[in-house]
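Each remark here refers to the structure printed beneath this line.
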Amino acid sequence: SQGRWAFETVNGSCWNTAAEYLTQSMADFVAVQETTTLEESIADTEQAARNKGWCTAMTPSILTQAEGKSAGTAVCCRTHIGTRKSFVDERCGDMVNSRFQMKHLGAVCKGGVHFGSCYLHCNWEHNRRTNLDLLQHIAAMMATLRGPWIVGGDWQCTPDELRSTGWLK
């Protein structure tokens, strides 16, 4: 309503909750964490989101050893906004696949902007080394980007804890 672009981030703990959130959001772009959507359901889920006005790109969740679904991210934008990949998917690797993604949006500023979603491992202290490794891998990928970027995420820690890792620099 103010003529500005709006970005939001949400962890709905599952796609159904996030999809409900999207129906109420006034944002132009939403980063979603913890979609818990398996690979075989992604195409149908993305199409259902498109039918409701959202261009959605999802990464698959993983099955845990206990047969539960974990992780998965989505980058969503209104369907009238163009989007494309920011990275070659093969470069992501297993460490990143279900926990991070970045898309290039043909909007916001000249040349567009990269917008991503990040979901770190729960329990920051217990998974500190794993999360730091993931953050370093993401940083290396982001260093290849040309142009501005924004990442929404469930960082699983306080802003001060994230800042103390040095990753934000």
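Points to keep in mind about this one:
- Scanning the range 90-110 for residues that are on the phi < 0 side of the Ramachandran plot and modelled with pLDDT under 90 yields Glu90, Arg91, Cys92, Asp94, Met95, Val96, Asn97.
- Applying the set (1) in a loop (DSSP other than H, G, I, E, B); (2) touching a Cys at 6+ places or on another chain (Cβ under 7 Å) to Val151 leaves exactly one unmet item: (1).
- Any hit, the range 78-86, residues being in a helix (DSSP H, G or I), open to solvent by 20 Å² or more (accessible area, probe 1.4 Å) and closer than 18 Å to Tyr119 by Cβ: no
Here is a yes/no grid of residues against (1) surrounded by 15 or more Cβ atoms within 10 Å (Cβ to Cβ); (2) modelled with pLDDT of 90 or more; (3) over 16 Å from the mean Cα position of the chain (by Cα):
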{"site": "Gly112", "(1), (2), (3)": "yes, yes, yes"}
{"site": "Trp124", "(1), (2), (3)": "yes, no, yes"}
{"site": "Leu135", "(1), (2), (3)": "yes, yes, no"}
{"site": "Thr144", "(1), (2), (3)": "no, yes, yes"}
{"site": "Gln156", "(1), (2), (3)": "yes, yes, no"}
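- Whenever a residue of the range 50-74 is free of Cβ contacts under 8 Å to residues at least 40 places away in the same chain and surrounded by fewer than 18 Cβ atoms within 10 Å (Cβ to Cβ), its partners that are among the charged types (D, E, K, R) and in a strand (DSSP E or B), lying with C-beta atoms within less than 8 angstrom and at least six residues away or across chains, give the pairs Gly53/Arg78; Ile62/Lys69; Leu63/Lys69.
- Extreme residue, least open to solvent (accessible area, probe 1.4 Å), among residues of the range 35-49 that are among the polar types (S, T, N, Q) and part of a helix (DSSP H, G or I): Thr45
- Scanning the range 15-49 for residues being in contact with a strand residue (DSSP E or B) (Cβ under 7 Å, 6 or more places away or on another chain) and charged (D, E, K, R) gives a total of 3.
- In the range 43-67, the residue that is modelled with the lowest pLDDT out of those that are of a type in the set (A, V, I, L, M, F, W, C) and farther than 12 Å from Ala19 by Cβ is Leu63.
- For the residues Ala31, Ala57, Ala27, Ala107, the requirement of being within 14 Å of Phe7 (Cα to Cα) and assigned to a strand (DSSP E or B) singles out Ala31.
The values are calculated or read from the model by the stated rules, or taken from the named source; none is laboratory data. Keep in mind that what you see is a predicted model, and the values were worked out from it rather than measured. Every residue, glycine among them, receives a Cβ derived from its backbone with ideal geometry; neighbour counts consider all protein chains shown. Remember, those area values only see protein heavy atoms, side chains included, never the ligands or the DNA or RNA. Shrake-Rupley method; radii C 1.70, N 1.55, O 1.52, S 1.80 Å.
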